[in-house]
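**Student:** Take this structure, written in structure tokens, and hold onto it; I'll ask about it next.
The values are calculated or read from the model by the stated rules, or taken from the named source; none is laboratory data. Note that the coordinates shown come from a computational prediction; the quantities given were computed from them, not determined experimentally. Please note: Cβ atoms are built from the backbone with ideal geometry, for glycine as well, and neighbour counts cover all protein chains shown. Side chains included, ligands, DNA and RNA excluded: accessible areas come from the protein's heavy atoms. Shrake-Rupley method; radii C 1.70, N 1.55, O 1.52, S 1.80 Å.
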Amino acid sequence: MSTTTELSETTLLRFATAGSVDDGKSTLVGRLLHDSKSVLVDQLEAVERASASRGQDAPDLALLTDGLRAEREQGITIDVAYRYFATPRRRFILADTPGHVQYTRNMVTGASTAELTVILVDARNGVVEQTRRHAAIAALLRVPHVVLAVNKMDLVDYQESVFAAIAEEFTAYALELGVPEITAIPISALAGDNVVDPSANMDWYGGPTFLEHLETVPVTHDLSHCHARLPVQYVIRPQTAEHPDYRGYAGQIAAGSFRVGESVTVLPSGRVSRISGIDLLGEPVDVAWTTQSVTVLLEDDIDISRGDLLVPTKDAPATTQDIEATVCHVADAPLTVGHRVLLKHGTRTVKAIVKDIPSRLTLDDLSLHPHPGQLVANDIGRVKVRTAEPLPVDSYADSRRTGSFILIDPSDGTTLTAGMVGESFASPEPVKDEAEDDGWDF
């Protein structure tokens, strides 16, 4: 089998790291890159020089990911640091996300496309509020695999009882959130214990090392059997002598597959046509599937523009102006009932209004605080939104691409909220509306 075949799409794992401040996320990533021989010589030399200038005897491997000047000066992670590396068994794209509460929004960004999330815990501190928040976000984003990395085991004398207590507490909490799979691994990122090589200091642990788990965790990228969805990004009309009547609808297939001759419906208009051709990289093909960027040609001339959605006629989602979703509020300004916003779903952006905030999640005990009136930065809650135009939305549980949206401040374009359509990991109790808002209706 060729190397190209071995490193196929199915061997790619996207994962994100998360945790509280100073839990050692960047050090873990740096250790992983260093011990897996994924660091170039000049990169390592630069880290050694930077570490020496700060009076450190050994290279600070966290500097391999903390690339911003402010991050290096403060010794923290602010932005999401993306890194690519590979081993003979699998390729990886990792997102090292910040631990500070004020940068939780960046964790949402980093984990939104991840198939696995690593949540670090300082063995000395155990499970803290930010640990619970990151677990809740991972569950909310439907990340299929969660790794609990209990770090700094060297600072608690590698005691099994400390690891077991933290793993038990976190697992119980994550299972209540609905996290489908949890793997706990005791490590010391600074010393390298159980990161790439097994630790000689924890002979009581018989599980895989951190890298071994990353290399062997089952990952599926086969979305070809999901509901087929193609958000239109651009309408191509060359109007040249060679292509006088060419009209193609370009976009990246979000899920499923499309084939020539298939009947499709254009949403939200509901018009029906049939695929007469599919162009991929300038060449005609009979079938195209998830993640491919294609141009679709239809038998009929239909008014289609950016923001429309092409779907199989036999599997078309319902369109609605009333959306109920679980959201993570990421802006500094609060989200309130009656808030006028822009809602971006796929390639379509429409006006909307927040009609209700039925509940807010309390992270300590996962209880729901009814009708909080507003959501502040890093709050997780339920919202009801009414849009000015109907949207074809899927449940987030069915499609992470077409079941998600963001709310935007129309005055300055700031992202306010990340939303997941449908039921969350902890569905709120039905709340009876005491009064109906007759304000900014559509």
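**Student:** In debye to the nearest 20, how big a dipole does segment 220-307 give about its Cα centre with +1 on each Lys and Arg Cβ and -1 on each Asp and Glu Cβ?
**Tutor:** Once rounded to the nearest 20, the dipole reads 320 debye.
**Student:** OK, next. Express the carbon and sulfur contribution to the solvent-accessible surface of segment 268-322 as a percent, rounded to the nearest whole number, probe 1.4 angstrom. Present the calculation step by step, with values, prior to reporting the outcome.
**Tutor:** On the way: 1370 of 3090 Å².
Of the solvent-accessible surface of segment 268-322, carbon and sulfur hold 44 percent.
**Student:** Could you sort the peptides 180-186, 141-147 by per-residue average Cβ neighbour count (10 Å cutoff), highest mean leading?
**Tutor:** Sorting 180-186, 141-147 by mean packing, highest first, produces 141-147, 180-186.
**Student:** Accessible area per residue, 1.4 Å probe, Å², for segment 132-268: what's the number?
**Tutor:** With the other protein chains kept in place, segment 132-268 gives 43 Å² per residue.
**Student:** Now, a different point. Could you work out the local net charge near residue 171, counting Lys and Arg as +1, Asp and Glu as -1, over the other residues with Cβ closer than 14 Å to its Cβ?
**Tutor:** -3
**Student:** Read phi for every residue in segment 251-261 and hand back ³J(HN,Hα) as whole Hz from Karplus 6.51 cos²θ - 1.76 cosθ + 1.60, θ = phi - 60°, with x for Gly and Pro.
**Tutor:** Whole-Hz 3J(HN,Hα) from phi for segment 251-261: x, 9, 5, 7, 6, x, 9, 10, 9, 4, x.
**Student:** I would also like to ask the following. Just tell me which lysines come within less than 27 Å, Cα to Cα, of residue 152; anything on the same chain fewer than 8 places away is out.
**Tutor:** Within the straight-line cut-off, residue 152 pairs with 25, 37.
**Student:** How many Å² of accessible area per residue for segment 285-435, probe 1.4 Å?
**Tutor:** Per-residue value: 44 Å².
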